[in-house]
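The values are calculated or read from the model by the stated rules, or taken from the named source; none is laboratory data. It should be emphasised that the depicted structure is a prediction, and the values quoted were computed from it without experimental measurement. Glycine gets a Cβ as well: all are built from the backbone with ideal geometry, and neighbour counts include every protein chain shown.
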Amino acid sequence: MNDFYPLPLSSNFRLFQYTIQSGELNQCKVVWPGSFLKQNEKMEAKHVFILQRQNSEYVFCFWSYDKRHPSILTSDHYHVFDKSLAKAKSNRYLFKVHGESILLPYSPASLHSSWFDLKSSFRDDGYILGTFLKHFQYCKNNLKKRKRNMKFKGWKRCDKNNSALNSYKKFIINFNPSLYETNLNLKQGIQHLKGDDLRRVKEAALLLHMVFPKMFTKV
């Protein structure tokens, strides 16, 4: 045992072993209390909280001063960890604080594994969440480029002024193909169809284009 642990000790040690009672981290225990992140403060190592799930997995978090619960650190926050301070290849440090013997990791599992070129067998919520958020942001940015009302208009509300066309739409939409038999072989390409088979396909295609003119795009 030694007294070295890379994360700075905060004045919030009263929260040691505190159990979160609600939210996404419900029933997690605070095993390393950091400093609360105040408004306009930049994220630093002193703000790191470590929580432990009931299955013993560690979750690295930060806790904004105006929030009821801590938030999971994403991979975007991993810059607060200093590789030069990571002395234990096992990522476990046994030390004493205020008379308590504590065994803790210094950094999230995926980050530590990248530093030491290891294959991690531990779950890293921050890495998972960071990856998801990057994907979500990418989708959000690209969806903004689309028109808000770009919808498939084939199934749009029936035109009250055209009851005949509406009857075709309803018939096709409610049609149950399992009640009918056909000898049309869809395993062969349409270029091989002849006679009545080709005529039936053309009539079906024409009907669909007439009833749902905006349903199709070029392939």
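Residues in segment 25-82 that are touching a residue at least 24 places away in the same chain (Cβ under 8 Å), surrounded by 15 or more Cβ atoms within 10 Å (Cβ to Cβ) and hydroxyl-bearing (Ser, Thr, Tyr): Ser35, Tyr58, Ser64, Thr74, Ser75, Tyr78. Look at (1) closer than 22 Å to Tyr18 by Cβ; (2) touching a Leu at 6+ places or on another chain (Cβ under 8 Å); (3) without any contact (Cβ under 8 Å) to a residue 60 or more places away in the chain and you find that Tyr93 fails only one, number (3). Of all residues in segment 176-203, those being within 45 Å of the chain's Cα centre (by Cα), at pLDDT 75 or above and surrounded by 10 or more Cβ atoms within 10 Å (Cβ to Cβ) number 3.
Answer yes or no: is there a residue in segment 96-110 that is over 24 Å from Gln17 (Cβ atoms) and not aromatic (Phe, Trp, Tyr). For segment 96-110, residues over 24 Å from Gln17 (Cβ atoms) and not aromatic (Phe, Trp, Tyr): present. Residue count for segment 1-18 under the criterion of being loosely packed, with under 12 Cβ neighbours inside 10 Å and among the hydroxyl-bearing types (Ser, Thr, Tyr): the result is 1.
Condition check ((1) out of contact with any Ser or Thr (no Cβ under 6 Å at 6 or more places or on another chain); (2) hydrophobic (A, V, I, L, M, F, W, C)) across all residues:
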residue: Pro6; (1), (2): yes, no
residue: Leu15; (1), (2): yes, yes
residue: Tyr18; (1), (2): yes, no
residue: Gln21; (1), (2): yes, no
residue: Val31; (1), (2): yes, yes
residue: Gln39; (1), (2): yes, no
residue: Lys46; (1), (2): no, no
residue: Val59; (1), (2): yes, yes
residue: Arg68; (1), (2): yes, no
